[in-house]
Structure formats: structure tokens, C-alpha cells
1. Given only helices, namely DSSP H runs of n ≥ 4 each adding -39500 (n - 2.57), what is the per-residue ellipticity at 222 nm of the chain, to the nearest 500 deg cm²/dmol?
2. Roughly how many Å² is the accessible area per residue of segment 223-299, as a whole number, for a 1.4 Å probe?
3. Any idea what the dipole of the chain comes to, in debye rounded to 20, about its Cα centre with Lys/Arg Cβ at +1 and Asp/Glu Cβ at -1?
4. What FRET efficiency, computed as 1/(1 + (r/R0)^6) with R0 = 25 Å and r the Cβ-Cβ distance, is obtained for V228 and R48, rounded to the nearest 0.05?
5. Compute the long axis of helix 142-175 from its Cα atoms, compare it with the longest principal axis of the Cα atoms of the chain, and write down the angle in degrees, 0 to 90, nearest 10.
6. Using a 10 angstrom cutoff on alpha carbons, build the Gaussian network for the chain and name the most mobile of V229, V111, V97.
7. Where does helix 269-294 land angle-wise versus the long Cα axis of the chain, in degrees 0 to 90, nearest 10?
8. With each label point set 7 Å from Cα along the Cα-Cβ vector, what nm distance links A19 and L189?
Amino acid sequence: MAFLRDVWVVARHELAYSARRRRAAVLLLLYLLAGVAGANLFVTVLNRIEDQLAESMRIERTPTGSTTAALWQSRPFRRILTRLVGDNALAKSLLSVPPLALWYGWFSLMVSPLLAVLLCAPAIAEETGSGSARFMMFRTSRAAWCAGKTMGQAALLLAGLVLSAAGAWCVGNLRMASFASAAGARAMLVFAFRGWLYTLAFLGLAMGVSQMTRSAHKATGFGLVALVVFAALAAAARRYSGPGWRRGWDLLEMLIPQGHRLDLWYPDLSHQLPAVVFLAGLGWLYFLIGHFLFARRDL
């Protein structure tokens, strides 16, 4: 109980500290800008595609999103998407989501891990580098301090993703005549939460590398290198996995977050729950690897 109490106290202190240092404001602003920029990019590209369709088919131009909404509900398009996805249940679930919300879900899964590493990797390294971490060790254990800081950063990431969803939703309401406000809001909040669950694995990575060095810049660099390595391994696993010895790629893919990303798109818990368990486990694994070294360092 004492450990959990200390973790809670450190997490609250981390949130207050981030607010004083304006780290929280920067994180929230970046997530908001990412959500707005991503939604604007989608609407702009969609508008140009619909303009080209209207011109080539010599039909009257409709408000942005109207043509896509009609296409979204057409049977031929549904059959094409089902063949592309390879799973009827998943295709049916995706087609029930407004296009902009679906784009936001994909965009949040792509961008949020990068922002998490850039913004959270310095959290522990900068305090050990400045020496301020020594004063905390008189009040609590290293494990509780690191875990509490991780929990505080996780809360900030969740707030950032919700804010990015709100920004994307506002763009949809302002720029798309056919945007379904209520359905879009529900879908974007769901995707924001799923994106947060996915990002927790990368948060564990960021806090793990943050415990390995006293330099905030080195911690950020290590985190970015790890992101590139994970992306390369995921691409190699998709390309080279197969029968026989190639099944080793499937095992390797289970040890990186990207291997569980697709399961978060499914509507049923039979896919989502194992993915969430694996992602949480991977996040703690990365964190504990860093903490193994941090616990033996002289602060």
C-alpha cells in the first residue's frame, strides 16, 4: 500500500511539475495541432478527389464529404473493402465509422508514439542529470518514483489524445457538410482511447531509455532509434513471415507494439483484450529493462 501511495503522490507531483515547466501545455498543444493538421489534410485531399470525380463524371459539385458518404454506403465499395481487409466483421465495423473518424484513428496510431517518445523520454533523464532526483530518493524508492512519473506522463498523453480528437472533430464540423457530429465524436473518442492504449507501450519505451542516461537529448535519441528499429522489424516481419523457420518472425513481431496494432481495430474483445494485455506488458517490459540499470546507478 505504501508503494501505491507513493506512486500516486509522485504522479500528482509530475503533473504539477509539468504544468509549472509548461511541459503539459506543450504536449497538449502539439497533440491539438496534430489532430487539427491531420484532419485538415484529410479534408483537403478529400475535397480535391471529389472535385476530380465531379469533373471527370461531369456532374454537379456537391459539398465536401457528400460524394464520399454516398460511396461509403455503396455495396460495391463495401465488397471491395471486405476483400482488402480479408475479414467481413472488421470491414463491417470500419464502414460503420465516419470517414474522418476512421482517418483520425489511423493518424493517432501513427503520430502518437512519435510524440510520446519526443515529449516523455527526457522526463527522468533531465532530473537525474541535474541532480534533483537525489532529493526525491530520501522520500520514496526509486521504483515508486519512476513508476509515478510514468503514470503522470500517461495521464498527460490521454489528455493530449482527447484534445487531438476534439480538434479533429471541430475541423469536421467546420469543413464537411456531411459530417455526422454525434457519431464522429463517439468514434473519435473511442479511437483516442485505443490510441492511448497503443501508445502506453511506447511510453514504457520512452521511460525505459530515460532511465539509462543522464542526458535528456541522449534519451530522446535512443527512443527515436528504437522507434526506427521497431518499424523496420515490423516491416520485415510482414514481408518474411511464413511457414517453417519463418515463424520466428511472427514471434519477433509479438515483442514489438506494431505487432498488436491491427487487433485494436476489431470491434470484439476477443481481438482487443489480448492486444491490450500484450501492449501493457511490453510497456512494462521496456520500462523494467531501463529500471534494471537505473536501480544500480549511483545518482
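1. One gets -27000 deg cm²/dmol as the mean residue ellipticity at 222 nm.
2. The answer is 59 Å² per residue.
3. Values: 30 positive and 14 negative charges, 68 e Å.
Rounded to the nearest 20 debye, it is 320 debye.
4. Working: r = 32 Å, r/R0 = 1.26.
That gives a FRET efficiency of 0.20.
5. 20
6. Looking only at V229, V111, V97, the largest GNM fluctuation is found for V229.
7. Tilt relative to the chain: about 30 degrees.
8. 2.3
The values are calculated or read from the model by the stated rules, or taken from the named source; none is laboratory data. The shown structure was predicted, so the numbers you read here are calculated from the model rather than taken from an experiment. Heads up, the Cβs are rebuilt from the backbone with ideal geometry, glycines too, and the neighbour counts pull from every protein chain shown. Only protein heavy atoms, including side chains, enter the accessible area calculation; ligands, DNA and RNA are left aside. Shrake-Rupley method; radii C 1.70, N 1.55, O 1.52, S 1.80 Å.
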